[in-house]
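Engineer: Pasting in a structure now, in structure tokens, and then I'll have a few things to ask.
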Amino acid sequence: MAEGFRMEWWRLRQIFSNMVNVIGHSCSEKAILSNKRYTSEEALSIGMVDKVVPKDKVMEETKSELEKWVEYSGLCVRRVFELMLGAMIAYLSIPVVQNLLSSRQAMNTSFDSFRIVNTYGAFGSITKERTEVIFQGTRNSTIIPDENGGIWEEYHFNCKPGDPKKRPCVISPYHYRLDWLMWFAAFQNYQYNPWLIHLAAQLLVNDEQATSLIAHNPFANGTAPKFIRGEHFLYKFTTIGSQEARAGYWWKRTRIGSYFPPITLRAVRDYLESHGWKVPKLKNKVYKM
């Protein structure tokens, strides 16, 4: 009983001592505050040590004298800076807007020394016509490469125009790189795009990696094609309400000519090796009965 009483008395002494120290410290700091000297430092000191006076009272007191002025002055400075920055950007944008409205635009050009405002275009100019390379294959082994005979079936890609009845696709957020490269190849020739011949060689053996990049392989079931050729077409949208549109056609295409002639795997062997590509080999499939 006596030991418990001594413990309680010791705790009361500690609490009383702390209260005396806090009250004394607060009174001395408030005396300094009354002289308007070191206002912020003394207020912070009181807020840290005073466990009796609620901290929100201290914050209200200091905010009324210091923080309100800081907030107001900071807001004014910020608004002035924003107005100056906006005015500067507007002034520097004048030649950019003039260039944008001009009939002779200059792309990828900076108009000021700060490099803040300029014109940028990933494609400064693009073609006004849509041309496409259409891959066609046939199993007819008696075709003469210089002739247009034979039964030709088309390869369909994932997104680029091919079948005139296929509506334009939405590619976001994906990017069909092969379709994109085929678009560029269409307004050049295969001499500038030797990879097209390499792709055709892969399709001649129904290569799994190559066929996985396209939407439809007409020779997926059965034997691989004997010949593959590239045809060059001009594509235009059909007119709304026209006979083609009512028939379900999104595109109207016109043949421009041959992009590359019918080729066989044997015919392009040397071409592939000259570019450092391996000649693909035809895999014999075993069909279960």
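Engineer: On a 19 Å Cα-Cα criterion, which of the cross-link pairs LYS165/LYS226; LYS128/LYS236; LYS128/LYS165; LYS165/LYS236; LYS166/LYS236; LYS166/LYS252 come out too long?
Structural biologist: LYS165/LYS226; LYS128/LYS165
Engineer: Is the C-alpha gyration tensor of the stretch 152-289 telling us rounded, prolate or oblate? Criteria: a/c under 1.5 is rounded; beyond that, a/b larger than b/c is prolate, otherwise oblate.
Structural biologist: Prolate.
Engineer: Starting from the Cα gyration tensor of the stretch 165-242, take the square roots of the eigenvalues, sort them a ≥ b ≥ c, and report rounded, prolate or oblate (rounded when a/c is under 1.5, otherwise prolate if a/b is larger than b/c, else oblate).
Structural biologist: prolate
Engineer: Take MET107, MET182 and order them by how many other Cβ atoms sit within 10 Å, fewest up front.
Structural biologist: MET107, MET182
Engineer: Within 10 Å, Cβ to Cβ, of GLY137, how many net charges do the neighbouring residues add up to if Lys/Arg are +1 and Asp/Glu are -1?
Structural biologist: It works out to a net charge of +1.
Engineer: Tell me, VAL133, VAL268 in order of fewest to most beta-carbon neighbours within 10 Å?
Structural biologist: VAL268, VAL133
Engineer: Once the other residues with Cβ under 11 Å from the Cβ of CYS169 are scored (Lys, Arg +1; Asp, Glu -1), what is the net sum?
Structural biologist: +2
A short reminder: the numbers here are calculations on the coordinates, not readings from a lab. Since the model is a prediction, treat every value here as computed from it, not as a measurement. Cβ: placed from backbone, ideal geometry, glycine included. Neighbour counts: every protein chain shown.
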